[in-house]
Amino acid sequence: MRSTFLLGEIGGIKVRASASWFGFLALMTFVLAFYYFPSQAAYDSWGPALYFSTALSVSLLFALSVLAHELAHALLVRRFGSKVTTVMLFFFGGVTLADGEPKRALHEFVVAVAGPIVSVLLSLGFFAAAFPLGLDPNHPTPVAIAAVLLGILNFAMGAFNLLPGLPLDGGKALRAIAWGLGHDAYKADRIAAIGGQVVGGIIIATGLTFGAIWKDPVFALFTAYVGWMLLQQARNAYRDVVARRMMTDTPVRAAMMPLDNQVPPGLSLDEAVHRFIVGRTSLESRLQMVVGFGGRVMGLIAPVDISRVPRELWSSTTVGQKMSPIGQTVSLGADASLFEALLAMDKAQAHLALVTENGENIGMLDRPTLASYVTRALALNLSGQQKGTPRD
């Protein structure tokens, strides 16, 4: 999360924001202060200082509204048994990061609709507060106008998020419904992803059509851009959720590097090449090899490490001299899932996981190997052939 900034912590949940979130706040403030407010005759008496302060207040309160929307998701995810680590805020939205997914379709549905419900409730609250705060059509107060704008923004966010397609909340609700009815999590993922692409296509077509009718190229381009972004995010969300489900359903033993064929550290590079690289497939020869003996892991070495040594020095250079130390490691059972392995490595800031069975090291998993396994599985569409575990 190097490109994000920690804003604070609420109830043990870290709140982080991307650079795009700050950009959105600045853009909203600029548009309101220097374009919208000055263009309205009813606000002529406000002046530049009031324009800016009102715009900034609306932007900050809307940011808090987005946070409330995401916290609604996060608290229910926690309520249903998963640990929530972070709430991430980005351009006009956010996402909740947890160490697991809802185990029942009903739980996923409730989590999905919680955010939009909070947004709509906030919208109604802001609208209701506008009148006591001085919503006079001829001489509206800045506080009342801010309340109206916040009501509109929250309603728009809630309604937009209910559109039935990933990665929107409505797409997650659609996935939960499809999962509950069909008892197939992977098929539900595909349905929700298709929904996101259909919604994105409809938004693009709508923007271009009405932009042409109204002769407003700015509206057409902006709406088409929103639809295109949604379409792309639907594809990415589908890929990510399938990868996550596949990692959750796959044990570490399936992707680990076995320790039954370790490269001894005292072996020369020349011997290592002939014994462990020559004759293997191109895929195997690209992977790192485990250096050690008797189940003890000392380091890693890859063909690219050997290739950097001049050929004439291979016979006098040992594997131990050119291996990379393993550094920080975590220990996992062979039947732990790949997703659990990734979480454990992230938590310990480790690049390697030692795989154990009956108290002995039987394998090792590093990030490149895990990524390679997931990429190959997705490319072969193995995860698409699996059935989700029925959960009622």
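Here are a few things to note about the model shown:
- Computed from the Cβ-Cβ distance with R0 of 30 Å, the FRET efficiency linking Asp99 to Ser307 stands at 0.15.
- Cross-link partners of Lys172 among lysines, defined as those whose alpha carbon lies under 24 angstrom from its own and excluding same-chain residues fewer than eight positions apart: Lys14, Lys83, Lys103, Lys187, Lys387.
- For trypsin sites (Lys or Arg not before Pro), the sites in the stretch 1-80 that DSSP calls loop and that have at most 13 other Cβ atoms within 10 Å are Arg2.
- Computed extension length for Ala128-Leu27: 33.7 nm, one decimal, from 0.36 nm per residue of separation with the Cα-Cα distance subtracted.
- Computed from Cα atoms, the angle from the helix 169-182 axis to the main principal axis of the chain rounds to 60 degrees.
- Between the stretch 22-47 and the stretch 79-148, the Cα center-to-center distance that results, in Å: 23
- Within the stretch 4-249, antiparallel bridges make up roughly 75 percent of the DSSP beta bridges whose residues both belong there.
- Calculated translational diffusion coefficient of the chain (10 °C, 1.306 mPa s; Stokes-Einstein with Kirkwood radius over alpha-carbon pairs) equals 65 µm²/s.
- Cα long-axis angle, helix 367-379 against the chain (0 to 90 degrees, to the nearest 10): 70
- Structural descriptor for the chain: relative contact order 12 percent, calculated from alpha carbon pairs under 8 angstrom and at least 6 residues apart.
- Taking every Cα-Cα distance in the stretch 1-147 and sorting them into 5 Å bins starting at zero, the pair-distance distribution P(r) comes out as 2, 9, 16, 17, 16, 13, 11, 8, 5, 3, 1, 0 percent.
Rule-based calculations on the coordinates, nothing more; no lab input. What you see is a predicted model; the values in this text were computed from it and never measured. Positions of Cβ are backbone-derived with ideal geometry, glycine not excepted, and every protein chain shown enters the neighbour counts.
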